[in-house]
1. Name the pairs whose Cβ atoms lie under 9 Å apart, with the first residue in segment 126-143 and within 19 Å of S200 (Cα to Cα), the second part of a loop (DSSP other than H, G, I, E, B) and of a type in the set (S, T, N, Q), and 6 or more positions between them or separate chains?
2. Could you tell me whether segment 93-100 includes any residue that is among the polar types (S, T, N, Q), in a loop (DSSP other than H, G, I, E, B) and either crowded, with 16+ Cβ neighbours inside 10 Å or on the phi > 0 side of the Ramachandran plot (or both)?
3. Which of the residues that make up segment 195-214 are touching an Asp or Glu at 6+ places or on another chain (Cβ under 9 Å) and among the acidic types (D, E)?
4. Of the residues that sit in segment 193-230 and are exposed (fewer than 15 other Cβ atoms within 10 Å of the Cβ) and at pLDDT 95 or above, which one is farthest from N153 (Cα to Cα)?
5. Between F138, F147, which is over 30 Å from the mean Cα position of the chain (by Cα), surrounded by 15 or more Cβ atoms within 10 Å (Cβ to Cβ) and modelled with pLDDT of 95 or more?
6. Could you please find all residues in segment 52-77 being in a strand (DSSP E or B) and loosely packed, with under 12 Cβ neighbours inside 10 Å?
7. So, of the residues in segment 154-172 that are outside any helix (DSSP H, G or I) and among the hydrophobic types (A, V, I, L, M, F, W, C), which turns out to be surrounded by the fewest Cβ atoms within 10 Å (Cβ to Cβ)?
8. In segment 169-182, what count of residues is obtained for those that are in contact with a helix residue (DSSP H, G or I) (Cβ under 7 Å, 6 or more places away or on another chain) and either within 16 Å of A206 (Cβ to Cβ) or modelled with pLDDT of 95 or more (or both)?
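The values are calculated or read from the model by the stated rules, or taken from the named source; none is laboratory data. The structure displayed is predicted, hence computed values, not measured ones. FYI the Cβ positions are ideal-geometry reconstructions off the backbone, even for glycines, and counts take in every protein chain you see.
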Amino acid sequence: MFLPFIIYFWLLLTIIGVNSYISLMERWFYIFLIVLSCWSINAYGQDKILFLNGKELDGRLLDKTNYEFTFKNTNGKEFTIDKYRVFSYIQNNKESVVYEFDTLSGNFLKVEDMKMFVYGERDAYLTYKPVITNTLGFAIGGTAGYFMHKDDNFLLISVPLIYTVATLIFPTKVNQHKLKDTQYLKQDEYLRGYERIARSKRTQGALKTTLVGMGAGFLTSFIINNSSKK
C-alpha cells in the first residue's frame, strides 16, 4: 500500500539532488517517517460499523439518519444499512452505541449486556478457528467417500450429516491467546455471544470439510480401483 509513496519519495530525493548528500540510514529514516505518517492518517480516518450479529464493516461513514446509515467500504462500494441491524459505529476513534433496550421491538437485552454479547460474537468471528474439527471432518469424509465407491455402499453418504450433528455435543473453547482484550471473559453474555458464533463456524466447517473430503475420497477410490481392474 505504501510502496508507491516510498518509490516517489526516493525519486524525489534523487531529482532534487539530495539523494547523493544523505546516507543510506538517513534515507530509510525519512521513508520510515512517511510510512508511519501514512499509516497514522489511514488508521485515524477509518470508520467502522459493528452489527448486532458481531460482524464488522470498515470504511467511511458518509451519512446517518434516525433510520439508516450510508457507508462506503474500503473497496469504495456504498451501502445503505438499516439502523436496527447496527449495535454501534466508530467515527474518529469514538464508539457511539445506537442499540436501544426495547422489548416491543425485540431488543430484550439491556445495552451493557448486548454490548458484551456482540463483543463476544465479534471476537469469535476474528479468532475462532475450528482446525481440529475441520481436519477430522476431512479425514472422516475422505474415508467414507473412498469406501462408498469401493463397496458401492451409498448409505455412507449420510456421514457428513452425522458428523456435523455429532460436533454439537461438544462445547467450544475461547482462544484466549488471540484475544486483544481478555477482560470480558468473566461476563456471561460475552461467553454466550462467543459460543453462538463459534458453534456456528464449527458446524458449517464440519459439514463443508466432510463433504469435500468425501468427494476427494470418492475420486481417489475411483482412480485407484479402476486402475487396478485394468
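1. T127/N175; Y128/T172; Y128/N175; K129/N175; P130/T172
2. yes
3. none
4. First, the residues of segment 193-230 that are exposed (fewer than 15 other Cβ atoms within 10 Å of the Cβ): 204, 215, 219, 222-230.
Now narrow it down to the ones that are at pLDDT 95 or above: 204, 215, 219.
On the way: Q204: 25, G215: 14, L219: 15 Å.
Among those residues, the one meeting the criterion is Q204.
5. Values: F138 fails: over 30 Å from the mean Cα position of the chain (by Cα).
None of the other options fit; the residue is F147.
6. We begin by selecting, within segment 52-77, every residue in a strand (DSSP E or B); these are 56-64, 68-73.
Result: D63, single match.
7. First, pick out the residues of segment 154-172 that are outside any helix (DSSP H, G or I): 168-172.
Among the residues that remain, those that are also among the hydrophobic types (A, V, I, L, M, F, W, C) are: 168-170.
Values: L168: 11, I169: 6, F170: 10.
Among those that are outside any helix (DSSP H, G or I) and among the hydrophobic types (A, V, I, L, M, F, W, C), it is I169.
8. Taking segment 169-182 first, the residues in contact with a helix residue (DSSP H, G or I) (Cβ under 7 Å, 6 or more places away or on another chain) are 172, 174-175, 178-179, 182.
Then keep just the ones that are either within 16 Å of A206 (Cβ to Cβ) or modelled with pLDDT of 95 or more (or both); that gives 172.
Qualifying residue count for the region: 1.
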